[in-house]
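Dumping the structure here so I can ask a few things about it.
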Amino acid sequence: MCQRMMKFAWDNYKQYAFGKNELRPLTKNGHIGNMFGGLRGATVVDALDTLYIMELEEEFQEAKKWVEKSFDLNVNGEASLFEVNIRYIGGLLAAYYLTGEEVFRSKALELGEKLLPAFNTPTGIPRGVINLGSGMSWSWGWASAGSSILAEFGTLHLEFLHLTELSGNPVFAEKVMNIRKVLNRVEKPQGLYPNFLSPVTGNWVQHHVSIGGLGDSFYEYLIKSWLMSDKKDSEAKKMYDDALEAIEKHLVRRSAGGLTYIAEWRGGILDHKMGHLACFSGGMIALGAEHASEERKQHYMDLAAEITNTCHESYARSDTKLGPEAFRFDTGTEAMATRLSERYYILRPEVVESYMYMWRLTHDLKYRQWGWEVVKALEKHCRVEAGFSGIRDVYTTVPTHDNMQQSFFLAETLKYLYLLFCEDDVLSLDDWVFNTEAHPLPVNHTNFKTKASVQ
Ligand code: DMJ
């Protein structure tokens, strides 16, 4: 089923938007947007490994051919360092490791080089935006006082270590190890990591802490750095353990109705809200639980299950059985959006991502049942004539579509659903870590071989 959904999403993208960044499935055309600095084909690169894993051979060849013939890196425009890294570099690296095809390796390295000028700051903390042509970089206009964002500069580690491994050039690893050094040096309020840091002074700019947007994948990359190093990077593990302990103490709360959630923290005051993005944390905590101390193992597995259950409730309490962008636990509300502006669903993966990890780590059948509910809801409410679309309000069964098939729907949502229903040895968690866009990167058991070269 997930394979059929993937083929449908891909075929329509190919027919109406091939080479553009995303498909607009209602108007049947392509969308370019301004996140990728003039790069094109975000959906192609994001979809490569999913097509390959699902054995959609013909479609994978179409995508590969586009990368070989039409993927132009000589572009000039403002790109998000984070998005280019997680989608393009992550996608190319995974495609390389799965297939051994040189074109993916060389494009990943070429693109990686283009990101390096963003690190030319007094602290080495990169700025969020870079012109891929000129190398000029700056901070997001909306980020307070020229700051860099934790989830952005903290979500480079996995990919950059692989760039060094594949090129023999230490510069990529040096850049991300320096980020870690700055983070270790700066004082953490109550052991927490705020979301905004100055790339000039290396100090926090304001005290907003979140395991959802702006913070999320920083935490994910700590535990995954440790796993990817074959459990040798003990510094990353310690940072993860300490951060999780602080998060649990200061942010994790239980609602009157018994739902465990992770609130946001603004200078000590809690905002009792959980974003859809924060729902990846059930999977992350489960992944880490296995490797926690004996007395914490079960505790963290329980916490992961409770958070995943809360995220499932946010889906179950909507009319479409899809979850809102953010849900709250205040004024008598539990796990539902209270603001009109938070009722949308843009095909995000985080909830099924947690189902996939919880399934693999517990084999409790309810996670497959919950995943199946999502498949049915996607088919019913998001499938349109020419692809899949996000919806503007999950609380009405005659939803309005947003006319966008996000590239992460093919990279993540459909991949995690597929993995939820197949055997554990398909991309085994012992051998692969998924980057934050669900692109699998190999664990460094001895050194990073491609799957193709091992066979
Ligand atoms: C994806 O691009 C990644 O999962 C990222 O870490 C967060 N946002 C989207 C999907 O929601």
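Scan region 65-76 and give yes if some residue there is without any contact (Cβ under 8 Å) to a residue 40 or more places away in the chain, outside any loop (DSSP other than H, G, I, E, B) and within 22 Å of residue 432 (Cβ to Cβ), otherwise no.
No: region 65-76 contains no residue that is without any contact (Cβ under 8 Å) to a residue 40 or more places away in the chain, outside any loop (DSSP other than H, G, I, E, B) and within 22 Å of residue 432 (Cβ to Cβ).
I've got another one for you. For the structure I just gave you, tell me whether residue 281 is of a type in the set (S, T, N, Q) and buried (at least 24 other Cβ atoms within 10 Å of the Cβ).
Judged against the criteria, residue 281 is a match.
Next up: Within region 354-375, restricting attention to residues that are open to solvent by less than 10 Å² (accessible area, probe 1.4 Å) and closer than 24 Å to residue 11 by Cα, which residue is nearest to the ligand (Cβ to nearest atom)?
374
Ok, one more. What residue, of 433, 384, 426, is among the β-branched types (Val, Ile, Thr), touching a helix residue (DSSP H, G or I) at 6+ places or on another chain (Cβ under 7 Å) and open to solvent by 10 Å² or more (accessible area, probe 1.4 Å)?
The conditions single out 426.
Next question. Which members of region 29-64 meet the condition of being under 22 Å from the mean Cα position of the chain (by Cα), within 17 Å of residue 405 (Cβ to Cβ) and surrounded by fewer than 20 Cβ atoms within 10 Å (Cβ to Cβ)?
The answer is 31, 32, 33, 35, 40.
Got at least one residue in region 272-281 being on the phi < 0 side of the Ramachandran plot, within 16 Å of the ligand (Cβ to nearest atom) and assigned to a strand (DSSP E or B)?
Yes, region 272-281 contains at least one residue that is on the phi < 0 side of the Ramachandran plot, within 16 Å of the ligand (Cβ to nearest atom) and assigned to a strand (DSSP E or B).
Next up: Filter region 384-433 for residues that are free of Cβ contacts under 8 Å to residues at least 40 places away in the same chain and either within 16 Å of the ligand (Cβ to nearest atom) or assigned to a loop (DSSP other than H, G, I, E, B) (or both) and give the result.
Answer for region 384-433, where residues must be free of Cβ contacts under 8 Å to residues at least 40 places away in the same chain and either within 16 Å of the ligand (Cβ to nearest atom) or assigned to a loop (DSSP other than H, G, I, E, B) (or both): 398, 400, 422, 423, 425, 428, 430, 431.
Still on this structure: For residue 118, state whether it is of a type in the set (A, V, I, L, M) and either open to solvent by less than 10 Å² (accessible area, probe 1.4 Å) or assigned to a loop (DSSP other than H, G, I, E, B) (or both).
Yes.
Could you list, in sequence order, the residues of region 322-344 that are open to solvent by 10 Å² or more (accessible area, probe 1.4 Å), in contact with a strand residue (DSSP E or B) (Cβ under 6 Å, 6 or more places away or on another chain) and not in a strand (DSSP E or B)?
Within region 322-344, 329, 337, 338, 342 meet the criteria.
Separate question: Sort through 347, 378 and tell me the only one that's crowded, with 23+ Cβ neighbours inside 10 Å and within 19 Å of the chain's Cα centre (by Cα).
347
Could you grab the pairs with beta carbons closer than 6 Å, sequence gap of 6+ or different chains, first residue in region 167-188 and over 14 Å from residue 204 (Cβ atoms), second one part of a loop (DSSP other than H, G, I, E, B) and not small (Gly, Ala, Ser)?
176/156
Please go through region 249-279 and give me each residue that is among the aromatic types (Phe, Trp, Tyr) and more than 15 Å from residue 306 (Cβ to Cβ), ordered by number.
265
Would a scan of region 253-261 turn up a residue that is among the aromatic types (Phe, Trp, Tyr), closer than 30 Å to residue 332 by Cα and modelled with pLDDT of 95 or more?
Yes, region 253-261 has at least one match.
Residue check: is residue 108 crowded, with 19+ Cβ neighbours inside 10 Å and more than 16 Å from the ligand (Cβ to nearest atom)?
yes
Quick one: in region 137-157, which of the residues that are away from the ligand (no atom under 16 Å from the Cβ) and assigned to a loop (DSSP other than H, G, I, E, B) is nearest to residue 123 (Cα to Cα)?
In this case the residue turns out to be 147.
With respect to residue 144, determine if the residue is surrounded by fewer than 24 Cβ atoms within 10 Å (Cβ to Cβ), over 25 Å from residue 248 (Cβ atoms) and modelled with pLDDT under 95.
Yes: the conditions hold for residue 144.
When you scan region 84-91, do you find a residue that is at negative phi and open to solvent by 30 Å² or more (accessible area, probe 1.4 Å), even just one?
Checking region 84-91: not a single residue is at negative phi and open to solvent by 30 Å² or more (accessible area, probe 1.4 Å).
Can you tell me how many residues in region 244-272 are open to solvent by 60 Å² or more (accessible area, probe 1.4 Å) and of a type in the set (A, V, I, L, M, F, W, C)?
Matching residues across region 244-272 total 2.
Given the residues 84, 103, 44, which is the only one that is under 30 Å from residue 425 (Cβ atoms), within 16 Å of the ligand (Cβ to nearest atom) and assigned to a helix (DSSP H, G or I)?
44
For region 236-249, does any single residue satisfy the condition of being within 16 Å of the ligand (Cβ to nearest atom) and either farther than 23 Å from residue 336 by Cα or in a helix (DSSP H, G or I) (or both)?
no
The values are calculated or read from the model by the stated rules, or taken from the named source; none is laboratory data. A quick note: this is a predicted structure, and the numbers were derived from the prediction, not measured. Cβ atoms come from the backbone with ideal geometry, glycine included; neighbour counts cover every protein chain shown. These area figures cover heavy atoms from the full protein model, side chains too; ligands, DNA and RNA do not enter into them. Shrake-Rupley method; radii C 1.70, N 1.55, O 1.52, S 1.80 Å.
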